[in-house]
Amino acid sequence: MVIEWLRFKVPHEKWEAFIQRDEEVWTAGLRSFPGFLGKETWVDPVENEVVMLIRWQTRELWKSVPQSLIDELDAKMGDLQMPIAESREYQVRKFLH
């Protein structure tokens, strides 16, 4: 499994609207895409940050999402489109005991 980790700076007063629209646009848009396993949203009230943790079956499936779909979903965020402040990628490792 691969984790796509995204951090956004979001003013506190826009958190709920941003999170709701992201669920309606991004989560719904990716839900039927092969390899999408799920998503969590975290908020940091001190730093006014929203972090999205997206789980993918493989890196190849994640990276196969067409740029045209990414652009389309970004546009649907409308006035709540926020720039990504930071992005990371993690490999989930499992060890046999």
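The values are calculated or read from the model by the stated rules, or taken from the named source; none is laboratory data. Being a predicted model, the structure only gives us computed values, none of them experimental. Glycine gets a Cβ as well: all are built from the backbone with ideal geometry, and neighbour counts include every protein chain shown. For the accessible areas, the whole protein counts, side chains as well, though only heavy atoms, and no ligand, DNA or RNA atoms are used. Shrake-Rupley method; radii C 1.70, N 1.55, O 1.52, S 1.80 Å.
Within the range 51-62, residues that are farther than 17 Å from residue 40 by Cα reach partners that are surrounded by 19 or more Cβ atoms within 10 Å (Cβ to Cβ) and modelled with pLDDT of 95 or more with beta carbons closer than 6 Å, at six or more positions or on different chains, in the pairs 59/2. When residue 21 is tested against (1) part of a loop (DSSP other than H, G, I, E, B); (2) surrounded by 11 or more Cβ atoms within 10 Å (Cβ to Cβ), just one condition goes unmet, and that condition is (1).
How many residues are β-branched (Val, Ile, Thr) and either assigned to a loop (DSSP other than H, G, I, E, B) or surrounded by 17 or more Cβ atoms within 10 Å (Cβ to Cβ) (or both) if we restrict to the range 1-18? Adding up the residues that qualify gives 2. Residue pairs whose Cβ atoms lie under 6 Å apart, sitting 6 or more positions apart in sequence or on different chains, and linking a residue in the range 1-15 that is more than 19 Å from residue 30 (Cα to Cα) to a partner that is part of a loop (DSSP other than H, G, I, E, B) and of a type outside the set (A, V, I, L, M), are 12/48.
Does residue 59 meet the test of being among the basic types (Lys, Arg), closer than 29 Å to residue 94 by Cβ, at pLDDT 95 or above and open to solvent by 80 Å² or more (accessible area, probe 1.4 Å)? It is true that residue 59 is among the basic types (Lys, Arg), closer than 29 Å to residue 94 by Cβ, at pLDDT 95 or above and open to solvent by 80 Å² or more (accessible area, probe 1.4 Å). For the range 69-76, the condition of being part of a strand (DSSP E or B) and among the aliphatic types (A, V, I, L, M) holds for none of the residues. The set of residues in the range 29-44 being farther than 16 Å from residue 87 by Cα and either among the hydrophobic types (A, V, I, L, M, F, W, C) or open to solvent by 90 Å² or more (accessible area, probe 1.4 Å) (or both) consists of 30, 31, 32, 33, 36, 37. If you go through the range 65-90 and pick out every residue that is open to solvent by 60 Å² or more (accessible area, probe 1.4 Å), within 14 Å of the chain's Cα centre (by Cα) and of a type in the set (A, V, I, L, M), you end up with 1.
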